[in-house]
Amino acid sequence: MSTRTIALDDRLYHYLQAVSLREPDVLVRLRAETARLPAAGMQVSPEQGQFMALLVRLLGARRCLEVGTFTGYSALACALVLPPDGRLVTLDVSADWTAVARRHWLDAGVADRIDLRLGPAAGSLAALLAEGAADSFDFAFIDADKTGYDDYYELALQLVRPGGLIAFDNVLWSGRVADPNAQDADTSALRALNRKLHADARVDLSMLPIGDGLTLARRR
Ligand code: CA
């Protein structure tokens, strides 16, 4: 019994995975390949991918948006549970990382549901607005450069429909957001965003200690 969120040691974390993780083989293979890359720490945890897929189902989402593709794990987790005519638009700057992603999306048979756009995300989000995509997305996941999060939020808030959900990854930043000695640009940007969201009347809010911290903001 506890009146606060439980802390997970390794034993309890492995138990959580053992009794709840249902990771499709295509995601297992993508995770294994990504683990060999130098930037492997940027991948979402499998239980977080599973949680996001559940959110997509709960929202009945047909259109998803992602800022920060990396090697495509979270995009694939979501695309696998979209209806066949569903679409996920995902944005990244790296041709190398997204080449890994594309291979696994093809392998999983969902590449036709995923629209990958390479280039700086703020420009791609503005282009979506210019294409008339305002108020059209059910779910958005923001997981890219931390100093860009606030811009991505303001643009994503125009792109998701009222009642749509925006999820922000890494909002606890390995604990650095609560460390007054951490004053680097990424930590400061996340801290400012967390403060802003807390007071932002445009959204309903919940911050979850899953993965590296995940904030859910539902557009009112
Ligand atoms: Ca992340």
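Things to note:
- Counted over the chain, the DSSP beta bridges are approximately 35% antiparallel.
- Signed unit charges on C-beta, dipole axis of the chain, positive-most listed residue Tyr73, Pro209, Leu58: Leu58
- What you get for the stretch 10-219, charging only the Cβ of Lys and Arg (+1) and of Asp and Glu (-1), is a dipole of about 380 debye around the Cα centre.
- Sulfur and carbon atoms: percent of accessible area, the stretch 10-219 [1.4 Å]: 55
- Accessible surface area normalised per residue over the chain is 50 Å², counting heavy atoms of protein chains with a 1.4 Å rolling probe.
- The residues neighbouring Pro83, those whose beta-carbon lies less than 12 Å from its own, together hold a net charge of +3 under the Lys/Arg +1, Asp/Glu -1 convention.
- Three-way shape call for the stretch 38-96 based on the alpha-carbon gyration tensor, with the a/c threshold at 1.5: oblate
- Ala201/Arg57 FRET efficiency (R0 25 Å; Cβ-Cβ; nearest 0.05): 0.35
- Kyte-Doolittle mean at least 1.0 and Cα axial length at least 30 Å: DSSP H helices in the chain: none
- Formal net charge of residues neighbouring Cys64 (Cβ-Cβ distance under 14 Å; K, R +1; D, E -1): +2
- Cβ-defined net charge surrounding Asp138, 9 Å radius [Lys, Arg +1; Asp, Glu -1]: +3
- Each listed q (0.08, 0.12, 0.15, 0.16 Å⁻¹) maps to a log10 I(q)/I(0) for the stretch 70-220 from the Debye sum over equal C-alpha point scatterers, namely -0.23, -0.52, -0.82, -0.93.
- Annotation: amide H-H contacts under 5 Å for Leu88 (H modelled 1.01 Å from N, sequence separation of 5 or more, or interchain): Cys64, Ile114, Asp115.
The values are calculated or read from the model by the stated rules, or taken from the named source; none is laboratory data. No experiment lies behind these values; they were computed from the predicted model shown. Please note: Cβ atoms are built from the backbone with ideal geometry, for glycine as well, and neighbour counts cover all protein chains shown. All accessible areas refer to the heavy atoms of the entire protein, side chains included, with ligands and DNA or RNA removed. Shrake-Rupley method; radii C 1.70, N 1.55, O 1.52, S 1.80 Å.
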